[in-house]
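In what follows, a single structure is set out as structure tokens and then discussed.
Derivation of every value follows stated rules applied to the coordinates shown; laboratory data play no part. It should be emphasised that the depicted structure is a prediction, and the values quoted were computed from it without experimental measurement. Neighbour counts are summed over all protein chains in view; Cβ atoms, including those assigned to glycine, are modelled from backbone coordinates with ideal geometry.
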Amino acid sequence: MPKAFLVDTTRCTACRGCQLACKEWHDLPANATKQRGSHQNPPDLNPNNLKIVRFNERMTKEGVVVWNFFPDQCRHCITPVCVDVADMAVPGAMIKDKKTGAVLATEKSAKLSPADAKAVAEACPYNIPRIDPKTKRITKCDMCFDRVSAGMQPICVKTCPTGTMVFGEREEVLAVAQKRLAFAKERFPKAHLVDMEDVSVIYLLAEEKEHYYEYAGFM
Amino acid sequence: MNTTRRSFLKLMGVSAVGLSLGQLGFDLAEAQAYASKLKIEGAKEVGSVCPFCSVCCQIIAYVRNGKLVSTEGDPDFPVNEGALCAKGAALFSMYTNPHRLTKPLYRAPFSDKWVEKDWDWTLNQIARRVKDTRDKDMVLKNEKGQTVNRVDTLFMMGTSHASNEECAVIHQAIRSLGMVQMDHQARV
Ligand code: SF4
Ligand code: SF4
Ligand code: SF4
């Protein structure tokens, strides 16, 4: 049965527990970073951060400061373009697991030429894949495939203290998503679910996607 | 990625790209290879507590051959129900961090160097200094001649990780020394 995530950003406090838990589970080292005047740190996804919480702060016309949080990760697309593009160069470099719907970058991704690896990264509508300069592999969220295969929850979902994330069978998650949407709309009339039909990681946003991140949504 | 490429893909529609080999599930072996390395497989689960704040989230420490291999929230603990914040989620890195202190360090007055010491020496030093300070500064009576039996030059800093019972015992021990200055910082 395909799996899905709901990421209800109206609940996210940007504690970044998910971001750190993802690093810890995958044994990824710290990055040297600089103070850039933002809590978004490191500034972007990279081979050591398969998930980052993006911060978007702005002042509305009414003079109200709005601070939106967006825990960014691979959407495990229903029809992943990254897999199509990789297949043209090195079959098996990127695969989609039929059972769970997880999209994985395999060891074979190191065999992609730099140009092909770049093409895979650039094909992604959500700007997710990054290339590890050391291993030459494509790096991205793997849905905690080892955990999920063993019947466990992805570590980011398990760690989230606010219930922002829900993981489970796609049908069940879709039902929860609709319920959460109806609830969110009471406070945020513009609340919506992003690209629900096309992805396994469904974001609930309180307002237009531009107020979160350039690649928050595609459709 | 530039806007042109995105608009192009959008125009085509993601699903119109079609199913390639990798999407049809011909890669079972690859996927299995990927899943075969669960790092906590066969590790012993040991209950522990996050040391960072007063919430005291419980964690499961996964131990194999006497070595910590992973940590995560304990779903059966009612306070955190498996969840952790960024600090608690990073406990394993605290353990593996090369900057973590594993032995007492001592810096002598006016010295600019830290020296490694063993626990016996350290605990003796602490006991010695508490005793010396108490002997020197014990005030038996105040200006009005009332019995006070207090030491004003020692201070007790508590921890919100202590339970009621532990607090009661610590309190009595500290009071018995004549210490009256006590505080506690809810975050430590
Ligand atoms: S753990 Fe949950 S609340 Fe914290 S940043 Fe991640 S999604 Fe948001
Ligand atoms: S979000 Fe990008 S990397 Fe992830 S499956 Fe979709 S196309 Fe591939
Ligand atoms: S599902 Fe796993 S790999 Fe993906 S963002 Fe969450 S913790 Fe990281």
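Brief remarks follow.
- Loop-located trypsin sites (Lys or Arg not before Pro) in the stretch A:25-94 whose Cβ has at most 11 other Cβ within 10 Å (DSSP): A:K34, A:R36, A:K61
- Other protein chain Cβ atoms within 10 Å, averaged over every residue that makes up A:19-30: 5
- Inter-label distance for A:K136 and B:N65, nm, one decimal - labels placed 7 Å from Cα along Cα-to-Cβ: 3.2
- Its relative contact order, with pairs defined as Cα atoms under 8 Å and 6+ residues apart, puts the stretch B:105-187 at 24 percent.
- Remark: B:C167, A:C77 ranked as B:C167, A:C77, counting other beta-carbon atoms within 10 Å and listing the fewest first.
- The orientation-averaged projected area of the convex hull spanned by the Cα atoms of the protein assembly as shown comes to 28.2 nm².
- Over chain A, relative contact order from alpha-carbon pairs under 8 Å, at least 6 apart, %: 30
- Listed peptides B:132-145, B:99-112 by packing density, highest first (mean Cβ within 10 Å): B:132-145, B:99-112
- For the stretch B:44-100, the spherically averaged projection of the C-alpha convex hull amounts to 3.9 nm².
- At q = 0.11, 0.16, 0.18 Å⁻¹ the log10 of I(q)/I(0) for chain A amounts to -0.52, -1.13, -1.41, computed by Debye summation with a single uniform scatterer per C-alpha, solvent ignored.
- Scoring A:124-133, A:179-188, B:122-131 by mean Cβ neighbours within 10 Å over their residues and listing the highest first yields A:124-133, A:179-188, B:122-131.
- Nitroxide proxy distance, nm - points 7 Å out along Cα→Cβ at A:K34 and A:F183: 4.2
- Computed from the C-beta positions of B:K117 and B:D76, the FRET efficiency with R₀ = 41 Å rounds to 0.55.
- Between B:E166 and A:E197, the simple spin-label model (points 7 angstrom out along Cα→Cβ) gives 5.6 nm.
- On the basis of the beta-carbon distance and an R0 of 35 Å, B:E45 and B:D183 show a calculated FRET efficiency of 0.45.
- Counting only other chain Cβ atoms within 10 Å of each residue's Cβ, the peptide A:127-135 averages 0.
- Amide hydrogen neighbours beyond the local backbone of A:G168, cut-off 5 Å, H modeled: A:A4
- When the pairs A:K111/B:K44; A:K34/B:K44; A:K158/A:K209; A:K3/A:K23; B:K103/B:K141; B:K44/B:K87 are compared against a 32 Å limit on Cα-Cα distance, A:K111/B:K44; A:K34/B:K44; B:K103/B:K141 fall above it.
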